[in-house]
1. Tell me whether region 158-171 contains one or more residues that are of a type in the set (Val, Ile, Thr), buried (at least 16 other Cβ atoms within 10 Å of the Cβ), in contact (Cβ under 8 Å) with a residue 24 or more places away in the chain and under 28 Å from Ile331 (Cα atoms).
2. Any idea which residue in region 163-189 is nearest to Glu234 (Cα to Cα), counting only those that are at pLDDT below 95 and in contact with a strand residue (DSSP E or B) (Cβ under 7 Å, 6 or more places away or on another chain)?
3. Within region 202-245, count every residue that is part of a helix (DSSP H, G or I) and either outside the structural domain of Asn318 (by TED's automatic domain parsing) or in contact with a helix residue (DSSP H, G or I) (Cβ under 9 Å, 6 or more places away or on another chain) (or both).
4. Kindly evaluate Ala126 against the criterion of being under 22 Å from the mean Cα position of the chain (by Cα), within 15 Å of ligand 2 (Cβ to nearest atom) and surrounded by fewer than 17 Cβ atoms within 10 Å (Cβ to Cβ).
5. Exactly one of these conditions fails for Ala80: (1) in contact with a strand residue (DSSP E or B) (Cβ under 8 Å, 6 or more places away or on another chain); (2) surrounded by fewer than 19 Cβ atoms within 10 Å (Cβ to Cβ). Give me its number.
6. Assess whether Glu217 counts as being loosely packed, with under 13 Cβ neighbours inside 10 Å and closer than 26 Å to Glu34 by Cβ.
7. Name every residue in region 312-334 that is of a type in the set (S, T, N, Q) and surrounded by fewer than 20 Cβ atoms within 10 Å (Cβ to Cβ), in order of residue number.
8. Of all the residues that make up region 15-42, how many are over 19 Å from Val65 (Cα atoms), within 21 Å of the chain's Cα centre (by Cα) and assigned to a helix (DSSP H, G or I)?
Amino acid sequence: MRLAVVFDTPYSGWGHPEHEAQMEREVAAWKVDEPEMEYQVAHALRERGHQVRLLGVGNDLQYLVRCLEEWAPDLVFNGAEAFRGNAALEYLLPGLLEAEGYRYTGAPPLALQLTRNKAISKKVLAYFGIQVPGFVSYRLHEKVQTEPDLKFPLFVKPLQADGSAGIAQASVVQDFASLAERVAFIQERFGQGVIAEEFVDGRELYVSVIGNDDALEILPIIEMVFDKRKTRPEERIATRFAKWDEAYRERKGIRNVIARPLSKAVRERIWETCRTAYRALWLRDYARLDLRLTPDGQIWVLEANANPFISYGHDMANAAAKAGMEYYDFIQRIVDAAIARYDRA
Ligand SMILES: Nc1ncnc2c1ncn2[C@@H]1O[C@H](COP(=O)(O)OP(=O)(O)OP(=O)(O)O)[C@@H](O)[C@H]1O
Ligand SMILES: [Mg+2]
């Protein structure tokens, strides 16, 4: 197939040849430093025999329109995580693909916008009977004036960020004064609304899903585990450091592993919850759900990632590997899911 891999890039003047050269360098040095996700995807697609064009979008959406017209791909692999460096605008690229009539992988703009708003998506999930933490949300300039009718501790986070931006130990607040202070800090620092949720104490689970409708495959569940001797209970959250800082992870004994034993009954309830959530949020082809499982077996959905990170050696690719998919097969599975969806339509 002729494929285009579309992604956001800070290198505005770069066309296909520059990305091609950069990709070659990064793939050659894979053992030293992992290549950008879009290059990993393009490499995998080539290994699976496709003709691939790299389309990096800087500030100019028209550039994408022109390149696609020229390349005329059978399918676009959407690897865009932002537009002009703004993650909240990631929906624009699939929006454009939609407008221009291209077939593409992954979530539609609606699902990207819906899941990006952690308050609205929780309301939709609750409507479908999924347990989500009680919450209150504040607009950008809204002050915390009254004590919310929620049980402290609360967890305060940016309403529409991801990658654990703004998530630190200080996200957990024990009283009204610290709530007001943290909300104001996040508003100021991130220039966006804020959500404060009831804190759910439990195991941290990530569930990756591939496919659509009745052909949904739920991959082995990943758990972020914390060494109990090196962390206090309130430290057992996926902060920015806990996710991305290798030295910190080492120090605190934090690892992402295939979830330790989960009873069959719990696993089945998790699958059911994820199937319902996937459908409720209009997710497509692939996604990752972040959940917490409390000691008494209750499942709480924290959020859905409509456009999850799919680099080699990270959660979703590791889950796929556990399910028997080599990295190249995993990327091909996403393509297959998209094709099957369009063929059925
Ligand atoms: N209500 C909550 N109770 C307990 N822990 C929470 C809660 N909300 C968030 N957390 C912790 O903070 C982490 C990040 O939260 P969340 O997934 O909502 O943010 P994110 O920045 O979108 O993350 P991602 O990197 O997955 O995009 C969670 O994985 C969890 O460890
Ligand atoms: Mg998350």
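The values are calculated or read from the model by the stated rules, or taken from the named source; none is laboratory data. Because the structure is predicted, anything quoted here is derived from the model rather than measured. All Cβ positions, even for glycine, are placed from backbone atoms using ideal geometry, and neighbour counts span all protein chains on display.
1. Kept after step one, since they are of a type in the set (Val, Ile, Thr), are these residues of region 158-171: 167.
Narrowing further to those that are buried (at least 16 other Cβ atoms within 10 Å of the Cβ): 167.
Remaining after also requiring in contact (Cβ under 8 Å) with a residue 24 or more places away in the chain: 167.
Right, trim to under 28 Å from Ile331 (Cα atoms) and you get none.
Looking for residues that are of a type in the set (Val, Ile, Thr), buried (at least 16 other Cβ atoms within 10 Å of the Cβ), in contact (Cβ under 8 Å) with a residue 24 or more places away in the chain and under 28 Å from Ile331 (Cα atoms), one finds none in region 158-171, hence no.
2. Ile167
3. From region 202-245, those part of a helix (DSSP H, G or I) are 213-215, 233-235, 240-244; that's our starting set.
Filter once more, keeping what is either outside the structural domain of Asn318 (by TED's automatic domain parsing) or in contact with a helix residue (DSSP H, G or I) (Cβ under 9 Å, 6 or more places away or on another chain) (or both): 213, 215, 233-235, 240-244.
Adding up the residues that qualify gives 10.
4. Working: under 22 Å from the mean Cα position of the chain (by Cα): yes; within 15 Å of ligand 2 (Cβ to nearest atom): no; surrounded by fewer than 17 Cβ atoms within 10 Å (Cβ to Cβ): yes.
Answer is no for this residue.
5. Here Ala80 meets the rest and fails (2).
6. Values: loosely packed, with under 13 Cβ neighbours inside 10 Å: no; closer than 26 Å to Glu34 by Cβ: yes.
No; evaluated as a whole, the condition is false for this residue.
7. Initial filter on region 312-334 (of a type in the set (S, T, N, Q)): 318, 332.
Result: Gln332, single match.
8. Result for region 15-42: 5.
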